[in-house]
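Okay, so here's the structure we're looking at.
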Amino acid sequence: MEATIITIMALLFLSFVALGVFVTVKVAKAAARGVDRTIGQARRTVEETTLRAKSFGQAGTAGELARLRLSLRTSMRATQEALQAGVGEDASLKESLDLFHRLSAHGLELDADLKRMEREPDRAWVAGQLPELAARTERITGSADALRRAARDRAVKFAEDDLSTLSAQIDVEAGALRHWTRPEAAQGTTQPAGPGRETASGAGGERSAITGPDPRRTAYPWEKSARPETTT
């Protein structure tokens, strides 16, 4: 009996140790990913700041290469952010996001070519390659811009349709609220409630005046905070 208890305790101890190791590894990996993202973002920020400075401060081949790289990176990042933000609400954008991933492969290849051109010592040869590089950049950024604008137009259209439907429903409700005669008064069974007269919580489908707001309801930025009730 004692051996069985000892075995069970040992197994429990080993299970807790294994669970602790697993959690520690997961936390360490998550922290490492966070550090990698931070470093990558900082590196991109520095690189894009350098490109922006070159595009404005340098003329000729070096400045044109910087402008092409900056245009490519700006367009691709904006499109990626727009599609990733919209795909959660509109599943139809998943196909667009897949197409963008394929386009990103061409964008990465072009960015690498432009980066190699920056280190190429034969500036005359690089100048001769600029028209073809500019055409590739325009094709890729044009496709990315088309996806981004189409996704934006789609979101705006859906928002307009939803607002139109909501406005129509509100107009109907507003008309119903302006129908002053209560059903009970029309039947002669009850008198309309005058100023200061309270109706029962269940009459006419009205909620009781002391019913508090639903705590799960969404809070909007234009709402005023309710004053706390005081007791005397």
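Numbers below:
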read-out	value
Odd one out for Q80, checked against (1) without any contact (Cβ under 8 Å) to a residue 24 or more places away in the chain; (2) open to solvent by 30 Å² or more (accessible area, probe 1.4 Å)	(1)
Where D90 falls short, out of the listed (1) among the acidic types (D, E); (2) in a loop (DSSP other than H, G, I, E, B); (3) free of Cβ contacts under 8 Å to residues at least 60 places away in the same chain	(3)
The one condition in (1) open to solvent by less than 100 Å² (accessible area, probe 1.4 Å); (2) at pLDDT below 95 that I140 fails to fulfil	(2)
The range 101-133 - residue that is without any contact (Cβ under 8 Å) to a residue 24 or more places away in the chain and of a type in the set (D, E, K, R) and, of those, farthest from L65 (Cα to Cα)	R102
Scope the range 117-145; condition of a type in the set (D, E, K, R) and within 19 Å of T74 (Cα to Cα); matching residues	E118, R136, E138, R139, D145
Output for the range 49-69, where each listed residue is under 28 Å from the mean Cα position of the chain (by Cα) and buried (at least 19 other Cβ atoms within 10 Å of the Cβ)	L51, L68, R69
Qualifying residue in the range 1-20 (condition: out of contact with any His (no Cβ under 7 Å at 6 or more places or on another chain) and either within 30 Å of E118 (Cα to Cα) or at pLDDT 85 or above (or both))	no
Filter result (in contact with a Leu (Cβ under 6 Å, 6 or more places away or on another chain) and either aliphatic (A, V, I, L, M) or within 23 Å of R148 (Cα to Cα) (or both)) within the range 112-128	L114, M117
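The values are calculated or read from the model by the stated rules, or taken from the named source; none is laboratory data. Treat the numbers as computed from the prediction; the structure is a model and nothing was measured. Please note: Cβ atoms are built from the backbone with ideal geometry, for glycine as well, and neighbour counts cover all protein chains shown. SASA here: full protein model, heavy atoms, side chains in, ligands and nucleic acids out. Shrake-Rupley method; radii C 1.70, N 1.55, O 1.52, S 1.80 Å.
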